[in-house]
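The values are calculated or read from the model by the stated rules, or taken from the named source; none is laboratory data. This is a predicted model, so every value here is computed, not measured. Cβ: placed from backbone, ideal geometry, glycine included. Neighbour counts: every protein chain shown.
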């Protein structure tokens with residue numbers, strides 16, 4: 001079984017996406033939603049649909065598992081409810097400002 005990375009991003013308008021950036025296959029996989037979990041659930045729905053399509057065309061869908069990661073620079077929308085501790089560089093995401 002091969003592990004493929006899936007990137008989770010949130011857009012400026014607060015919509016989430018989860019996509020597999022690998023171009024190793026003859027297909028792409030992505031999911032979208034109003035929440036991170038909805039995007040992940042939609043991603044898995046896309047996996048199921050692609051598996052059915054590949055098998056219907058006589059191809060074998062690869063045996064994959066997925067590792068979900070937040071995109072570099074991932075930022076929660078202002079409307080999100082979250083708790084983020086201060087990171088090692090002194091940036092406090094709750095306050096959206098750098099420590100002086």
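Return the residues of the stretch 14-49 that are farther than 18 Å from residue 67 by Cβ and more than 13 Å from the chain's Cα centre (by Cα); say none if nothing qualifies.
14, 26, 27, 45, 48, 49
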Per-region count, the stretch 4-13, residues surrounded by fewer than 18 Cβ atoms within 10 Å (Cβ to Cβ) and either under 15 Å from residue 71 (Cβ atoms) or at pLDDT 95 or above (or both) | 6
Determine whether residue 86 is modelled with pLDDT under 90 and touching a strand residue (DSSP E or B) at 6+ places or on another chain (Cβ under 6 Å).
-> yes
Out of the stretch 10-43, which residues are in contact (Cβ under 8 Å) with a residue 24 or more places away in the chain, in contact with a helix residue (DSSP H, G or I) (Cβ under 6 Å, 6 or more places away or on another chain) and not in a strand (DSSP E or B)?
-> 27
For residue 58, which of the numbered conditions (1) loosely packed, with under 12 Cβ neighbours inside 10 Å; (2) in contact with a strand residue (DSSP E or B) (Cβ under 7 Å, 6 or more places away or on another chain); (3) assigned to a loop (DSSP other than H, G, I, E, B) fails to hold?
-> (2)
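Does residue 47 satisfy the condition of being without any contact (Cβ under 8 Å) to a residue 24 or more places away in the chain, surrounded by 13 or more Cβ atoms within 10 Å (Cβ to Cβ), out of contact with any helix residue (DSSP H, G or I) (no Cβ under 9 Å at 6 or more places or on another chain) and within 16 Å of residue 7 (Cβ to Cβ)? Outline the logic, then answer.
Details: without any contact (Cβ under 8 Å) to a residue 24 or more places away in the chain: yes; surrounded by 13 or more Cβ atoms within 10 Å (Cβ to Cβ): yes; out of contact with any helix residue (DSSP H, G or I) (no Cβ under 9 Å at 6 or more places or on another chain): yes; within 16 Å of residue 7 (Cβ to Cβ): yes.
So residue 47 fits the description; yes.
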